[in-house]
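S.K.: Before I ask anything, let me first share the structure, which is written out below as structure tokens.
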Amino acid sequence: MSAKHVVLTGASSGIGRALALRYARERARLTLLGRDAARLQAAADECRAQGAAEVAVSCVDVQDRAGMAQAIGAAFAAEPIDVLVANAGVATGLSPGQILESPDSVRAALAINVAGVFNTIEPALLPMTGRGSGTIAVVGSMAGVRGLPYSPAYCASKAAVHCYAESLRGVMARHGVGVSLIVPGFVKTPMSQRTKSWQPGLMEASEFAEIVWRGLERRKAVIAAPLYIYYALRLFSLLPPRLVDWGMNRFTAEVPETAEREAAQ
Ligand SMILES: NC(=O)c1ccc[n+]([C@@H]2O[C@H](COP(=O)([O-])OP(=O)(O)OC[C@H]3O[C@@H](n4cnc5c(N)ncnc54)[C@H](OP(=O)(O)O)[C@@H]3O)[C@@H](O)[C@H]2O)c1
């Protein structure tokens, strides 16, 4: 059997990098997408050392629709994509006492976390359904399950991609393509390290990548970890909203604004 071709955005850091390394151990063929050339190259070297069959890298901003279409098209032309992971994302939020999120940060987070996911997945939809196989994975967040008072725009961006993945799953099921929604809790990465808050269930990125890899192999519809946080948040959305808001306001969190800015098209 030939090596699986796995394509990941946000492969230069954190969860994307850890998942690339997990697939490298399966001797997969990898296409790693990100913006920081040096960190992407370092991730590629590590994947080769772990046993990846072949590793290609592509520096592209997920906000660049044409650039993403070109990168995904080139990856597919090199070898049909078996697993496509739309993982790149940024966090943004509020510090204690802050009311207004910077409108520029809000728009950048939406452009990267939502439009970036569309830009990643759209170019692959027809080639994948044409083959009638493969898996698309969307990285959401526990913050997309129930809105949190620490990061309104980030929660909104993740809720949007949760709904997108759920809808797409139904469409793609008719064409033999799986869609998995990945729902991380706190995973030790540069992103979570910037957030100052209680981080229940904090996991190593490699531990989370193992859970995701296993879930993708089984084509699970939702791959969430830790599960107790996922179910607690789902329960919260069934409870009286003001009660949950009150409970959440007992905790403080500092989620720095992203320094990212929406790219001009
Ligand atoms: N860590 C957590 O606790 C946690 C929890 C819930 C959800 N998540 C989600 O998991 C995903 C990965 O996060 P992480 O924790 O691994 O964060 P991370 O270590 O900060 O990595 C983020 C990755 O996204 C890429 N990226 C960001 N903006 C991009 C852009 N405009 N174009 C292309 N690539 C871009 C970065 O690439 P460059 O550095 O090369 O630009 C980097 O590889 C995100 O979607 C995040 O929302 C994480």
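The values are calculated or read from the model by the stated rules, or taken from the named source; none is laboratory data. Predicted model, so just to flag it, every value in this text is computed and none were measured. Reconstructed Cβ throughout: ideal geometry from the backbone, glycine too, with neighbour counts over all protein chains shown. Side chains included, ligands, DNA and RNA excluded: accessible areas come from the protein's heavy atoms. Shrake-Rupley method; radii C 1.70, N 1.55, O 1.52, S 1.80 Å.
S.K.: Within the range 200-251, count every residue that is hydroxyl-bearing (Ser, Thr, Tyr) and assigned to a loop (DSSP other than H, G, I, E, B).
M.R.: Number satisfying all stated conditions: 1.
S.K.: Still on this structure, I have one more. Name the single residue that is nearest to the ligand (Cβ to nearest atom) among those in the range 30-56 being polar (S, T, N, Q) and over 16 Å from Glu79 (Cβ atoms).
M.R.: Per the criteria, the residue is Gln41.
S.K.: Within the range 159-194, take every residue that is buried (at least 17 other Cβ atoms within 10 Å of the Cβ) and assigned to a loop (DSSP other than H, G, I, E, B) and give me the one that is farthest from the ligand (Cβ to nearest atom).
M.R.: Among those residues, the one meeting the criterion is Val177.
S.K.: Just wondering, is there one or more residues in the range 200-220 that are small (Gly, Ala, Ser), open to solvent by 30 Å² or more (accessible area, probe 1.4 Å), touching a Leu at 6+ places or on another chain (Cβ under 9 Å) and more than 11 Å from the ligand (Cβ to nearest atom)?
M.R.: Checked the range 200-220: at least one residue is small (Gly, Ala, Ser), open to solvent by 30 Å² or more (accessible area, probe 1.4 Å), touching a Leu at 6+ places or on another chain (Cβ under 9 Å) and more than 11 Å from the ligand (Cβ to nearest atom).
S.K.: Here is a further query. Condition first: small (Gly, Ala, Ser) and closer than 16 Å to Ile229 by Cα. Now tell me which residues in the range 160-191 satisfy that.
M.R.: Once the filter is applied, which keeps residues that are small (Gly, Ala, Ser) and closer than 16 Å to Ile229 by Cα, the range 160-191 yields only Gly185.
S.K.: On to the next question. Take the residues in the range 110-138 that are touching an Asp or Glu at 6+ places or on another chain (Cβ under 7 Å) and hydrophobic (A, V, I, L, M, F, W, C), then tell me which one is surrounded by the most Cβ atoms within 10 Å (Cβ to Cβ).
M.R.: Checking each candidate, the answer is Ile112.
S.K.: Just to be sure I understand the filter: pairs with C-beta atoms under 8 Å, separated by 6 or more residues or on different chains, first member in the range 99-120 and touching a residue at least 12 places away in the same chain (Cβ under 8 Å), second member β-branched (Val, Ile, Thr) and assigned to a helix (DSSP H, G or I). Which pairs pass?
M.R.: Close Cβ pairs satisfying both conditions: Asn113/Val161; Val114/Val161; Val117/Val161; Thr120/Ile72.
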